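The values are calculated or read from the model by the stated rules, or taken from the named source; none is laboratory data. No experiment lies behind these values; they were computed from the predicted model shown. A quick note on method: Cβ atoms are made from the backbone with ideal geometry, for glycine too, and the neighbour counts reach across all protein chains shown. With ligands, DNA and RNA removed, areas are computed over all heavy atoms of the protein, side chains included. Shrake-Rupley method; radii C 1.70, N 1.55, O 1.52, S 1.80 Å.
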Amino acid sequence: MALKNIIDTELAAKRLADWLATKQPETQDITVTDVQVPGAGGLSNETVLFTAHWRDADGEQTRGMVARVQPDGPGVFPSYDLSKEARVIGALADHSPVPVPRVYFFEEDPAVFGSPFLVMQQIDG
């Protein structure tokens, strides 16, 4: 069963920028651009691709990020544990011969997307 991606990208950009500001209080001028919800893939979670921009003590920063959003209804699996997924991906990051994204955040509060989500590095592969 494929999930139907229903995330409003304009609203997501604003909410993600506000949310990132709470996670990175030492940064300034956080903006989120290029929000995309791929039509294909992401069968077990909704996938949101975006670019985050901010300024910190090291200067201007830009990072491609991916949010994996837990479905708020029936999904591919009978249960979801994105917290566990974030821990497993984090444990593999330095010990795998294949590219593994860095996990930046796990968020249980559904305020941004309506469900828990994790945010990780966007990488090829």
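Within region 25-48, can you find the residues that are in contact with a strand residue (DSSP E or B) (Cβ under 7 Å, 6 or more places away or on another chain), buried (at least 16 other Cβ atoms within 10 Å of the Cβ) and under 16 Å from residue 123 (Cβ atoms)?
47, 48, listed by residue number.
Give just the number: which of (1) buried (at least 17 other Cβ atoms within 10 Å of the Cβ); (2) assigned to a loop (DSSP other than H, G, I, E, B) does residue 96 not satisfy?
Evaluating residue 96 over (1) buried (at least 17 other Cβ atoms within 10 Å of the Cβ); (2) assigned to a loop (DSSP other than H, G, I, E, B) leaves (1) as the failure.
Which condition number in (1) open to solvent by 30 Å² or more (accessible area, probe 1.4 Å); (2) within 23 Å of residue 9 (Cβ to Cβ); (3) modelled with pLDDT of 95 or more is the one that residue 60 fails?
Just one mismatch for residue 60, condition (2).
How many of the residues in region 21-37 are farther than 12 Å from residue 55 by Cβ and part of a loop (DSSP other than H, G, I, E, B)?
Of the residues in that region, 2 qualify.
Pairs under 8 Å by beta carbon, first residue small (Gly, Ala, Ser) in region 27-51, partner open to solvent by less than 80 Å² (accessible area, probe 1.4 Å) and at pLDDT 85 or above, six or more apart or different chains?
41/47; 42/68
Would you confirm, using the coordinates I've provided, whether residue 54 is open to solvent by less than 70 Å² (accessible area, probe 1.4 Å), assigned to a helix (DSSP H, G or I) and either at pLDDT 90 or above or among the aromatic types (Phe, Trp, Tyr) (or both)?
Judged against the criteria, residue 54 is not a match.
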